[in-house]
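The block underneath contains the structure these notes are about, expressed in structure tokens.
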Amino acid sequence: MASVAGLVAGALSMAAVEYVSVSSQVDIETADLAREQQELDNMPEEELQELADIYVSRGLDKKLVHEVAVQLTAHNALEAHARDELGINEITQANPLQAALASGAAFLVGGVLPLLVSLFMPLDNMVIYQYVFAILFLVILGTLSALTGGSKVINSIFRITLWGSLAMGVTAYVGSLF
Ligand SMILES: [Zn+2]
């Protein structure tokens, strides 16, 4: 029962946090883009100079930047300012609901594993079974994530098992206190 409760609570809180986080990000980007568009409408000369200065700071030749800034402004002024001034690469924004569902579903998939352990392993020494299997699952997860991302497997396993063990240790300690 504790495992099921943890699974549901964890999946919902992950989804909620992800939704709030992505929504705030979208709000900030929307506000930034609206302000940028207003600046482009109100002071196009200053904005052109601003874009040119940005390219100078990135190492482009001073004689070249004016032409670059003029052409990019003519092509899509807001896109150029979003990318080079605000650092927003894609104006097509993230969908908070989609992010929340992905996060909640990922938690469910991972959280089912300790639930299976609690269902199928003997009740005696359940705490030890949970720890051993949790470490095993973390090793598998670390391997998968390293192989997917193309990074070093051993580093990934070390990082995920170290922090996973620390998190479990602190959780168990706090639990035993109360
Ligand atoms: Zn600008």
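Taken together, the values in this text are just the output of simple stated rules run on the coordinates, not laboratory data. Because the structure is predicted, anything quoted here is derived from the model rather than measured. Cβ atoms come from the backbone with ideal geometry, glycine included; neighbour counts cover every protein chain shown.
Structural remarks
- Between 73, 148, 161, the Gaussian network model of the chain with springs among Cα atoms under 10 angstrom shows the greatest mean-square fluctuation at 148.
- Along the range 65-76 the Karplus relation, 6.51 cos²θ - 1.76 cosθ + 1.60 evaluated at θ = phi - 60°, assigns HN-Hα couplings of 4, 4, 5, 4, 5, 4, 5, 5, 5, 5, 5, 6 Hz to successive residues, with x for each Gly and Pro.
- Sequence-separation-based contact order of the range 19-86, relative, with Cα cut under 8 Å and 6+ spacing, percent: 37
- For the chain: relative contact order, % (alpha-carbon pairs under 8 angstrom, 6 or more apart): 26
- In order along the range 15-27, the phi-based Karplus estimate (6.51 cos²θ - 1.76 cosθ + 1.60, θ = phi - 60°) of 3J(HN,Hα) comes to 5, 5, 4, 5, 4, 5, 5, 5, 4, 5, 4, 5, 4 Hz; Gly and Pro are listed as x.
- Based on Cα contacts under 8 Å between residues 6+ apart, the range 49-100 shows a relative contact order of 30 percent.
- Stretch gain in nm, segment residue 9-residue 136, where the contour uses 0.36 nm per residue and the Cα spacing is subtracted: 43.4 nm
- Under the combined filter of DSSP loop state and at most 10 neighbouring Cβ atoms within 10 Å, the range 57-143 retains these trypsin sites (Lys or Arg not before Pro): 58.
- Backbone HN-Hα couplings from phi across the range 153-163 [Karplus 6.51/-1.76/1.60, Hz, Gly and Pro as x]: 5, 5, 4, 5, 5, 4, 4, 6, 6, 4, 5
- Centre-to-centre, using Cα atoms only, the range 1-39 and the range 99-125 are separated by 23 Å.
- Separation in nanometres of the label points that stand 7 Å from Cα toward Cβ, at residue 17 and residue 153: 2.9
- Length available on full extension from residue 46 to residue 1: 0.36 nm per residue minus the Cα-Cα distance, which gives 9.9 nm.
- Folded to 0 to 90 degrees: helix 96-120 orientation relative to the chain principal axis, Cα: 20
- Compared with the dominant principal axis of the Cα atoms in the chain, helix 126-149 is inclined by about 30°.
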